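Let me begin by presenting the structure, written as structure tokens, before commenting on it.
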């Protein structure tokens, strides 16, 4: 679906190759011009039609009249002195703000992108939902987080996690368009095996996603082993309970063959006991999966706490019970790299 900016110009960065080609043909231009323009946008990542130097001045002027190239403004940039993690607060053209985190690993550089301005899901331990939901991000605005970070940092992004502000499957159509553009052979050509999508568990969309068989990794924000404890911290569980969610995950694995990762934010006194580990092991038993234990991020509006010692203890419980588990490596701790914190502080 074609989107427009406030002045009525077409959002060219959100156009799929075939959509751009059709519009360029309608302008009376040759088909190959669309490939040139797509390359300028998605490989060279230019922010202005004037920089498309192999196009005539007349065509560039016509493109300027018909299209816009959405740009993100870097409002704030924080760099960790511990591990080189970068955190960006971006301002969107309409004045809203989102966050993006760039992380260096031994295997390369990964970026964590946002998919919405705020979040509707209401998870009790998450800072993203506290500042409130404003709107969905367009494909161009998700891509823009990558292109802007690459230009600013000089780092080549090799992997993407959709784990920033927002629920990706609540913005399904725009996210699928983003993934199509990201993996386009005419653009970045990133294999979706280098992409991880995190969801709190919108079951119908998980099933819909499985039908596409994109090859990406699905990460489920589980965070509790039963309905009572999960509903207490995640309102989505009232709509799609644990059993329904796990059934959808098993079907996803059966359809795609891709191992699922379960995110488990550890909260002292809520989901961290040996009994909780036993319930989780029973829930996931016989399922090809991985549990990623995350010491809960401290936010001032909540009194939830945990630490790496607690996380390692819980990991030990799970491994004794035959469940593959790791404790997430903490990156950017000195710059509050967890999602939602910077946007919330900036907008208060």
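The values are calculated or read from the model by the stated rules, or taken from the named source; none is laboratory data. Note that the structure is predicted; figures quoted are calculated from it, not measured. Note: ideal-geometry Cβ built from the backbone for every residue, glycine included; neighbour counts use all protein chains shown.
When the range 119-131 is examined, which residues are found to be closer than 14 Å to residue 167 by Cβ and surrounded by fewer than 24 Cβ atoms within 10 Å (Cβ to Cβ)?
Within the range 119-131, 120, 121, 122, 123, 129 qualify.
Filter the range 142-162 for residues that are part of a helix (DSSP H, G or I) and within 12 Å of the chain's Cα centre (by Cα) and give the result.
142, 143, 145, 146
Which count do you get for residues in the range 163-184 that are part of a loop (DSSP other than H, G, I, E, B) and more than 22 Å from residue 19 (Cβ to Cβ)?
Residues that pass the stated criteria total 5.
What's the total number of residues in the range 318-341 that are at pLDDT below 60 and either surrounded by fewer than 14 Cβ atoms within 10 Å (Cβ to Cβ) or farther than 19 Å from residue 131 by Cβ (or both)?
Of the residues in that region, 1 qualify.
Residue check: is residue 48 surrounded by fewer than 16 Cβ atoms within 10 Å (Cβ to Cβ) and either modelled with pLDDT of 95 or more or touching a helix residue (DSSP H, G or I) at 6+ places or on another chain (Cβ under 6 Å) (or both)?
yes
Here are some residues: 139, 168. Which one is surrounded by 18 or more Cβ atoms within 10 Å (Cβ to Cβ), farther than 24 Å from residue 246 by Cα and touching a helix residue (DSSP H, G or I) at 6+ places or on another chain (Cβ under 6 Å)?
139
Looking at (1) closer than 29 Å to residue 241 by Cα; (2) out of contact with any helix residue (DSSP H, G or I) (no Cβ under 6 Å at 6 or more places or on another chain); (3) without any contact (Cβ under 8 Å) to a residue 60 or more places away in the chain; (4) buried (at least 20 other Cβ atoms within 10 Å of the Cβ), which is the only condition residue 134 fails?
With (1) closer than 29 Å to residue 241 by Cα; (2) out of contact with any helix residue (DSSP H, G or I) (no Cβ under 6 Å at 6 or more places or on another chain); (3) without any contact (Cβ under 8 Å) to a residue 60 or more places away in the chain; (4) buried (at least 20 other Cβ atoms within 10 Å of the Cβ) applied to residue 134, the lone miss is (4).
Residue 86 is checked against (1) at pLDDT 95 or above; (2) in the same structural domain as residue 151 (by TED's automatic domain parsing); (3) farther than 25 Å from residue 179 by Cβ and fails just one. What number does that condition carry?
All conditions pass for residue 86, except number (3).
Residues of the range 8-26 being surrounded by fewer than 13 Cβ atoms within 10 Å (Cβ to Cβ) and either closer than 25 Å to residue 146 by Cβ or modelled with pLDDT of 95 or more (or both), which ones?
18, 26
Return the residues of the range 100-118 that are assigned to a loop (DSSP other than H, G, I, E, B) and surrounded by 20 or more Cβ atoms within 10 Å (Cβ to Cβ); say none if nothing qualifies.
Within the range 100-118, 114, 115, 118 qualify.
Counting only residues that are free of Cβ contacts under 8 Å to residues at least 60 places away in the same chain and in a loop (DSSP other than H, G, I, E, B), which one in the range 256-271 is nearest to residue 297 (Cα to Cα)?
Looking at the filtered set, the residue picked out is 268.
Considering only residues that are assigned to a loop (DSSP other than H, G, I, E, B) and more than 17 Å from the chain's Cα centre (by Cα), look in the range 189-226 and name the one that is surrounded by the fewest Cβ atoms within 10 Å (Cβ to Cβ).
Looking at residues that are assigned to a loop (DSSP other than H, G, I, E, B) and more than 17 Å from the chain's Cα centre (by Cα), I get 189.
Kindly evaluate residue 59 against the criterion of being in contact with a strand residue (DSSP E or B) (Cβ under 8 Å, 6 or more places away or on another chain), at negative phi and not in a loop (DSSP other than H, G, I, E, B).
no
Inspect the range 237-247 for any residue being within 23 Å of the chain's Cα centre (by Cα), within 22 Å of residue 310 (Cα to Cα), in contact (Cβ under 8 Å) with a residue 12 or more places away in the chain and in the same structural domain as residue 319 (by TED's automatic domain parsing) and give the result as yes or no.
Scanning the range 237-247, I find no residue that is within 23 Å of the chain's Cα centre (by Cα), within 22 Å of residue 310 (Cα to Cα), in contact (Cβ under 8 Å) with a residue 12 or more places away in the chain and in the same structural domain as residue 319 (by TED's automatic domain parsing), so the answer is no.
In the range 232-241, what residues are surrounded by 16 or more Cβ atoms within 10 Å (Cβ to Cβ) and under 12 Å from residue 200 (Cβ atoms)?
233, 234, 235, 236, 237, 240 - these are the residues of the range 232-241 that are surrounded by 16 or more Cβ atoms within 10 Å (Cβ to Cβ) and under 12 Å from residue 200 (Cβ atoms).
Out of the residues in the range 78-99 meeting the condition of being part of a strand (DSSP E or B) and closer than 30 Å to residue 4 by Cβ, tell me which one is farthest from the chain's Cα centre (by Cα).
Once the filter is applied, the top-ranked residue is 91.
Restricting attention to the range 2-24, does a residue exist that is assigned to a loop (DSSP other than H, G, I, E, B), farther than 27 Å from residue 152 by Cα, touching a strand residue (DSSP E or B) at 6+ places or on another chain (Cβ under 7 Å) and without any contact (Cβ under 8 Å) to a residue 24 or more places away in the chain?
yes
What is the residue count in the range 124-141 for residues that are part of a loop (DSSP other than H, G, I, E, B) and either at pLDDT 90 or above or within 16 Å of the chain's Cα centre (by Cα) (or both)?
8
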